[in-house]
Amino acid sequence: MSRRIAAKITGVSGYLPPRVMSNADMEKIIDTNDAWIRERTGIRERHIADPGVATSDLATAAARELLESRNVPATEIDLIVVASVTPDMMFPATACLVQNNIGAKNAWGFDLSAACSGFLYALTVGAQFVGAKTQKNALIIGSDVMSSIMNYQDRSTCVLFGDGAGAILLEPTDRDDEGILDFEHDVDGAGGKFLYMPGGGSLHPASHETVDKRMHYVHQEGAQVFKYAVRRMAELACKLIERNGFTSKDLALVVPHQANLRIIRAMQERLGVDDSKVMINIERYGNTTGGTIPLGLRDAVAQGRVKKGDLVLLVAVGAGFTTGGVLLRWAY
C-alpha cells in the first residue's frame, strides 16, 4: 500500500560556503593522501565554512536563493522545517533563526534531527501539513556545518564530511500525476552506538572532561555503518519501486544520500540503473549530511537531468540508524 501525499516540490536551491578543502589540503593536517581518500570514498574536495559561520547562515542563504528564484515573498511562507545535526545551539531552533533572518514573520517552524536521513524525514513531515492543506506551503531545509563537530585527528572520519545546505519549497497538488507518490522510513536504534556524538547532551553535559576526551566530535565505526548503509539503501529503494508497480527502468533519476561512492554504486548495481540515472556529486562536496539530497536535486535541475513528469527516487541512511526514501513525480 502506497502512502501518497498531495504535495509537490515546486522549487529547489542550495548553498555551499566558498572555501574549498581539497584532498591535498587534508594531507597537510592529517596522515592521509588523495589516492587513499578517492579510492575509499570517491571524494576529491569539500566545502568548509569559515569560523563563526553557522548552520543558520547556510540555511538562510539557501532559503533566500529559493524564494528569489520562485519569486515568493518570505511573508507568504507558512512553515519552516530545518533538518540538522549541527544546530547553531541547543535552543532556540535553527528554524526560528532562519525565520527571523529571511523575514518570514507569518511562518512557524521547528528543527528535526535524523542525521543523514533528516532531510527526507523533514520533507515527508512538511508534506503532511501541505498535503492536508492545513498549510499552503512549507520551506524544507537540510543544513549542516559538519566541520564544527569533526575531529581532524581521526583520518577515517574527517575526510568524509563537508558543509552545505539545500532547500525545497513544498506546495499542494490535486493531480495524481505529480508530487509525492510514496515514502518509507524506519529506524534501527541498535545501530546508534556506531555513529554518534557522545558529548553535549543531557547524558554527558559539556565539561572539561568531555572536551579533553574529544566527546564533542563525531564518533564512527565505519565498517558497521558501511555494511548497514549498503544493505538498507538498496532494500528501501527496491521496496518503494516495487510497491508502486514500477521497475528500475521507469526511474528517470535516483538522488541518493552522498555518504560514500561505494555505497551509492552498490545500490545502483542492485537497482540495475546506469550512471545517467544516478545523481552523484560527492566528489565535490563530500557528505554534507542534511544537505546532500537537496544539493543533489539542485544540481540535477541545473544540469537538465530532471523534467516535469519524471519519476524520481530519493533515498538515505543515517545515524540512528535511520533510513528514508521518497518516490515522487517531478512537478516543474
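The values are calculated or read from the model by the stated rules, or taken from the named source; none is laboratory data. Predicted, not measured: the structure shown is a model, and the values here were computed from it. Neighbour counts are summed over all protein chains in view; Cβ atoms, including those assigned to glycine, are modelled from backbone coordinates with ideal geometry. Accessible surface areas use protein heavy atoms only, side chains included; no ligands, DNA or RNA. Shrake-Rupley method; radii C 1.70, N 1.55, O 1.52, S 1.80 Å.
The figures follow:
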quantity: Helix runs (DSSP H) in the chain reaching 27 Å along axis by Cα, Kyte-Doolittle at least -1.0; calculated: 222-243
quantity: Environment charge at residue 58 (Cβ cut-off 9 Å; Lys +1, Arg +1, Asp -1, Glu -1); calculated: -3
quantity: Structure-derived mean projected area of the Cα convex hull in nm² - corresponding label in (1) 19.9; (2) 15.9; (3) 18.2; calculated: (2)
quantity: Carbon + sulfur, % of accessible area of the chain - ligands and nucleic acids excluded, 1.4 Å; calculated: 51
quantity: Ordering of 42-50, 24-32, 292-300 by burial proxy (mean other Cβ atoms within 10 Å per residue, highest first); calculated: 292-300, 42-50, 24-32
quantity: Tensor-based shape of the stretch 285-332 (alpha-carbon gyration tensor, a/c under 1.5 rounded, otherwise prolate or oblate); calculated: oblate
quantity: Tail beyond 16 Å, pair distance distribution of the stretch 28-107 (Cα, percent); calculated: 61
quantity: Length-normalised contact order of the stretch 1-119 in % [C-alpha pairs under 8 Å, at least 6 apart]; calculated: 23
quantity: List 8, 249, ordered by accessible area with a 1.4 Å probe, largest first; calculated: 249, 8
quantity: Three-way shape call for the stretch 70-153 based on the alpha-carbon gyration tensor, with the a/c threshold at 1.5; calculated: prolate
quantity: Exposure of residue 60 as accessible area (Å², to 10), given a probe of 1.4 Å and all protein chains; calculated: 10
quantity: Size descriptor, Kirkwood hydrodynamic radius, that averages inverse alpha-carbon separations across the stretch 160-224, Å; calculated: 16.2
quantity: Fluctuation leader among 145, 85, 218 - the chain, Gaussian network, Cα springs under 10 angstrom; calculated: 218
quantity: About the Cα centre, charge dipole magnitude for the chain (Lys/Arg +1, Asp/Glu -1 at Cβ), debye; calculated: 520
quantity: Packing-based order for 324-331, 61-68, 308-315, using average beta carbon neighbours within 10 Å, highest first; calculated: 324-331, 61-68, 308-315
quantity: Whole-number accessible area per residue in Å² for the chain, which is evaluated in the context of all protein chains at 1.4 Å; calculated: 41
quantity: The stretch 1-156: equivalent-ellipsoid semi-axes (sqrt of 5 x gyration tensor eigenvalues, Cα, Å); calculated: 33, 18, 14
quantity: Entries of 136/239; 249/277; 277/308; 249/308; 136/307; 8/307 with Cα pairs more than 21 Å apart; calculated: 136/239; 136/307
